[in-house]
Amino acid sequence: MAMQAILTAVLPLVGVLVGAGLQYAFGRSLDIRRQVELSKATAYSDYLRAFSAIAASGRSKEVLAQLTDAKTRVCVYGSPRVIHLLGDFERGGAVAAKNMPLVTKLVVAMREDVKAVAGVPTEEDLGLILFGPSWR
C-alpha cells in the first residue's frame, strides 16, 4: 500500500518533468530550424540584391563585398541545388548577359527552397521580369 501511494505521488511529477523536457527540446529544435530558414532566405535575397546592384551600377568595392558576403552565406545555408546552380553560374564567368537562363533557374531554385510563397512562376516569366524581352 505504501508503494502505491509513493507511485501515485511520484508518477505525475515524472510525467510533468518528461513533458517539460520534451517541450524544451522540440521548441529549441523548431527555433533552430526557423533561424536557419531565415538565414537562408536572407542570404538568397542579399545575393540577388547585390547581383542587381552590380547589373545596375557596376562593380564597386562595396557591392562586391556585399556579393561575396551573400555568396558565402548561400554556401553555408543554401540547398545543394542552389549551390550547384550558383557554382555553374560562377564557372560560366558570372556574367548575367551570357547566362540569363541559368540565372533564372537559380532564382526558381531559391524560391522553391525557401517555400515562402505558394507556387513557383515559370522561368519564362522570371526571365522576362529580370532581363527584359530579349532574355533568351
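The values are calculated or read from the model by the stated rules, or taken from the named source; none is laboratory data. Everything quoted here is computed from the prediction, not taken from an experiment. Virtual Cβ from ideal backbone geometry, glycine too; neighbours counted across all protein chains shown. For accessibility, only protein heavy atoms count, side chains too; no ligands or nucleic acids. Shrake-Rupley method; radii C 1.70, N 1.55, O 1.52, S 1.80 Å.
Before moving on, here are some points about what is shown:
- Within the stretch 55-86, the set of residues being open to solvent by less than 70 Å² (accessible area, probe 1.4 Å) and more than 18 Å from the chain's Cα centre (by Cα) comprises Gly58, Ser60, Val63, Leu64, Ala65.
- Considering the stretch 1-54, the residues that are of a type in the set (Phe, Trp, Tyr) and open to solvent by less than 50 Å² (accessible area, probe 1.4 Å) include one that is farthest from the chain's Cα centre (by Cα), namely Phe51.
- Every pair of residues 6+ apart whose Cβ atoms lie under 8 Å, when the first sits in the stretch 109-133 and is within 22 Å of Ala53 (Cα to Cα) while the second is at pLDDT below 85 and basic (Lys, Arg): Gly127/Arg136
- Among the residues of the stretch 118-136, those that are closer than 22 Å to Ala43 by Cβ, of a type in the set (A, V, I, L, M, F, W, C) and open to solvent by less than 80 Å² (accessible area, probe 1.4 Å) comprise Val120, Leu126.
- Meets criteria (among the hydrophobic types (A, V, I, L, M, F, W, C), open to solvent by 20 Å² or more (accessible area, probe 1.4 Å) and on the phi > 0 side of the Ramachandran plot) for Ala94: yes
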